[in-house]
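The values are calculated or read from the model by the stated rules, or taken from the named source; none is laboratory data. Source: prediction; values computed, not measured. Cβ atoms come from the backbone with ideal geometry, glycine included; neighbour counts cover every protein chain shown. Each accessible area value is taken on the protein alone, full model and side chains, heavy atoms only, with ligands, DNA and RNA left out. Shrake-Rupley method; radii C 1.70, N 1.55, O 1.52, S 1.80 Å.
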Amino acid sequence: MTVSNTSKRRQPSLAQLRAFSAVAEHLHFRDAAAAIGMSQPALSGAVAALEDTLGVTLLERTTRKVLLSPAGERLAVRARAVLEEVGALMAEAEAVRAPFTGALRLGVIPTVAPYLLPTVLRLVHDRYPDLDLQVHEEQTASLLEGLTTGRLDLLLLAVPLGVPGVVELPLFDEDFVLVTPLGHPLGGRSGIPREALRELNLLLLDEGHCLRDQALDICREAGRADAPVTTTAAGLSTLVQLVAGGLGVTLLPRTAVRVETTRSDQLLTGYFSEPAPTRRIALAMRTGAARRAEYQELAAALREALRPLPVRVLGGGDRPAPSGN
């Protein structure tokens, strides 16, 4: 059997890769050493040993600063990838040894977080006290990037997503309601036809929020060719205050109504005729996630915990996200 020269070379250690990755991030030996809990001489020695093992110069050292060499720029990316994979390996091993322990990085969209997180946090505290739940509130595109790259473990957001490699665990459906200022002809009414949306001055969230896209879809289904927007808001709280000030009307998911409309006495809530426009909320995980069984159990527990809310809880079952066009 022929042994290649590559296989004969010494292999870099994880300590060497960790030291180099820290220096590449901080471009300062003292700061890098502090970040990974290593003495500065040990860190310098580890980087020098890595350069010797690889046979390339990774850093350009001057009296004032540290720079990455061209080879260092390229290999820093590889080093980070190796360390991330090792971290994933350790996380998977920990998950196998002890379910519902260690860190769980949960991503949540802004139009869900304020209304569902109290239930989620209470459930985790009561049922999974050893789980280190870490919450990240971001818009959908950022959350999906975090899930697919491994930065996040599980998402709580509106579906369908249309992203291959992502599995959805549906939790519930909820209706949208129409929030209007006092004195509006549709304020407080029931049985509002969707067609009424054709003529309303509808206030929306900024670009990037999935709730904005859902509202526009509802308007198109109602027969509205376009929805000219002159005023937008970064969050639902601001949006509702704009409605209270008489600038227009908006659509709110039912889970947000109690929190958002009780802040002002200048608002009325109207309800659509059946079938009302709805959105679906689910947990989402990577296909083949090592903690799949845990996430399924968490989804089932969460469905039960959410029953007191004004939603229609769904049955279990994994659903692969449909492929986008």
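One table, with the values for the structure above:
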{"item": "Taking the convex hull of Cα positions in the range 238-286, its mean projected area over all directions (nm²)", "result": "4.9 nm²"}
{"item": "Stretch gain in nm, segment Q11-S142, where the contour uses 0.36 nm per residue and the Cα spacing is subtracted", "result": "43.6 nm"}
{"item": "Highest average packing first - 234-245, 104-115, Cβ atoms within 10 Å", "result": "104-115, 234-245"}
{"item": "Using θ = phi - 60° and Karplus 6.51 cos²θ - 1.76 cosθ + 1.60, couplings along the range 15-29 (whole Hz; Gly, Pro as x)", "result": "4, 5, 5, 5, 5, 5, 4, 5, 5, 4, 6, 9, 6, 7, 5"}
{"item": "Relative contact order of the range 1-153, pairs being alpha-carbon contacts under 8 Å that are 6 or more residues apart, as %", "result": "18 percent"}
{"item": "Local net charge near A256, Cβ-Cβ under 12 Å (Lys/Arg +1, Asp/Glu -1)", "result": "+1"}
{"item": "DSSP beta bridges in the range 57-152 [antiparallel fraction, %, rounded to 5]", "result": "30 percent"}
{"item": "Shape box of the range 110-173 [Cα atoms, principal axes, largest first, Å]", "result": "34, 27, 19"}
{"item": "Highest to lowest packing among 121-134, 170-183, 296-309, scored as the average C-beta count within 10 Å", "result": "170-183, 296-309, 121-134"}
{"item": "Heavy-atom accessible surface of the chain: percent carbon and sulfur, 1.4 Å", "result": "52 percent"}
{"item": "Under 5 Å, built H, 5+ apart or other chain: amide partners of T278", "result": "F176"}
{"item": "Degrees separating the helix 70-97 axis from the principal Cα axis of the chain, which is the longest one", "result": "70 degrees"}
{"item": "Dipole axis of the chain (+1 Lys, Arg; -1 Asp, Glu on Cβ), positive-most option in T62, H125, A33", "result": "T62"}
{"item": "Where Rh is the Kirkwood radius over Cα pairs, Rg/Rh for the range 34-111", "result": "1.12"}
{"item": "Farthest positive-ward along the chain dipole, Cα basis, beta-carbon charges - from L267, V23, L156", "result": "V23"}
{"item": "Local electrostatic count, L75, Cβ distance below 15 Å [Lys/Arg +1, Asp/Glu -1]", "result": "-1"}
{"item": "Amide H partners (placed H, <5 Å) of N201, local residues excluded", "result": "V249"}
{"item": "Segment T262-R97, length gained on full extension (0.36 nm per residue, minus Cα span)", "result": "54.8 nm"}
{"item": "Gaussian network model of the chain, Cα within-10 Å springs - most flexible of V167, V82, V311", "result": "V82"}
{"item": "With 5 Å bins from 0: P(r) over the range 166-221, alpha-carbon pairs, percent", "result": "4, 14, 22, 23, 18, 10, 5, 3, 1, 0"}
{"item": "Read-out Rg and Dmax of the Cα atoms in Å, derived from the coordinates shown; its label in (i) 19.2, 60; (ii) 20.9, 69; (iii) 25.7, 87", "result": "(iii)"}
{"item": "Backbone HN-Hα couplings from phi across the range 50-62 [Karplus 6.51/-1.76/1.60, Hz, Gly and Pro as x]", "result": "5, 4, 5, 5, 7, x, 9, 8, 9, 10, 10, 9, 10"}
{"item": "Mean accessible surface per residue for the chain, computed with a 1.4 Å probe while every protein chain stays in place, in Å²", "result": "51 Å²"}
{"item": "For the range 117-266, alpha-carbon Rg relative to the globular expectation (2.2 N^0.38 Å, N residues)", "result": "1.19"}
{"item": "P(r) tail fraction, the range 259-305 - alpha-carbon pairs more than 17 Å apart, %", "result": "63 percent"}
